[in-house]
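Read the structure below first, then the notes.
All of the numbers you see were taken from the coordinates with simple rules; none came from a lab. These numbers come from a predicted model, not from an experiment. Positions of Cβ are backbone-derived with ideal geometry, glycine not excepted, and every protein chain shown enters the neighbour counts.
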Amino acid sequence: MNDVRIGVQVQNQHADYPDIRDMVMRCEEAGVDIIYNWDHFYPLTGDPNGKHFEAWSMLSAWAEQTERVEIGCLVTCNSYRNPQLLADMARTVDHISNGRLVFGIGSGWMEKDYLEYRYEFGTAPERLRALDAALPLIRDRWTKLNPPPTRSIPILVGGGGEKVTLRIVAEHATVWHSFTRLEDMPHKLDVLDRWCERVGRDPADIERSIGLNTSRFELAEPYFELGIRQFTFSLRAPADLSSIEPWLEWRNTKRAG
């Protein structure tokens, strides 16, 4: 997990689908490594009842539209779908994309989604326990599907909770994604390393990913020095992609070095 990778989260909100589709195309052409969306039913910013599209239907379309980039949801809410069904959905998008799916998942947090779509919101610990129970089921279902996934589908787990989430990361994840502040990151990484030791996992097998604003380029090197290798930025279509160009150029210098 040594190469720097650049991800763009193309927001599902406040846009017509042709603009979203065009932005995905431009991201791939620009050299972005991974294109994400998010798994919500309503906008996260702006007009709370504004335009919004469902995540996994969109990923299927992106799988056909793109050729090179990896695609995924940052992140799927575990609560919204039966884990067996979710495993089958992911396997299907994996095949449509010819092995380019990153399976991002988290425990869920947006109360409005739950209430409006009649899901049980419960408590944060309950939602974490459900995620903990679902991931083994998902991984097991992948071994039973015909045809099987085209590859060992990378699992991205989002969140920074030290008692449960980072243990789940250590047990299941290929990628750990968070919004951890720079000053807090050494401690979080130490906690993750200790969880890896407890569960018998090599910490080097887990890629570290950070969500940032494109304007915070001064943070690139400090996070890199801490071992962060994926840098992801959330943009709304139709967006000017010039803001990610310095990040792509920096990525290229790291790879060349």
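What the table below lists for this structure:
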read-out: Footprinting exposure proxy for Arg198, Arg229 (fewest neighbouring C-beta atoms within 10 Å first); value: Arg198, Arg229
read-out: Residues Asp113, Asp22 arranged by fewest to most Cβ contacts within 10 Å; value: Asp22, Asp113
read-out: Relative compactness, the range 49-144, computed as alpha-carbon Rg over 2.2 N^0.38 Å; value: 1.13
read-out: Inter-label distance, nm, simple model (7 Å from Cα along the C-beta direction), Ser242/Asp184; value: 3.4 nm
read-out: Pairs of Lys in the chain closer than 28 Å at Cα, counting only those 8 or more apart or on different chains; value: 4
read-out: FRET efficiency estimate (nearest 0.05) - Cβ-Cβ, His95 to Asp205, R0 25 angstrom; value: 0.55
read-out: Residue order, fewest to most beta carbons within 10 Å, for Trp250, Trp62; value: Trp250, Trp62
read-out: Sites Asp19 and Ala256, calculated FRET efficiency, Cβ-Cβ separation with R0 30 Å, nearest 0.05; value: 0.35
read-out: Exposed GluC sites (Glu not before Pro) absent - longest run of the chain, DSSP non-H/G/I/E/B, at most 15 other C-beta within 10 Å; value: 163-257
read-out: Highest-MSF residue in the chain out of Leu115, Leu189, Leu131 [GNM, Cα springs under 10 Å]; value: Leu115
read-out: √(5λ) per eigenvalue of the Cα gyration tensor, the range 120-180, largest first, Å; value: 23, 15, 9
read-out: ³J(HN,Hα) computed for each position of the range 63-68 - Karplus, 6.51 cos²θ - 1.76 cosθ + 1.60, integer Hz, glycine/proline x; value: 4, 7, 6, 9, 10, 10
read-out: Linear extension gain, Asn82 paired with Phe217, 0.36 nm per residue minus alpha-carbon span; value: 44.7 nm
read-out: Cα-based Rg and Dmax for the range 5-256, where Dmax is the largest Cα-Cα distance (Å); value: 17.5, 50
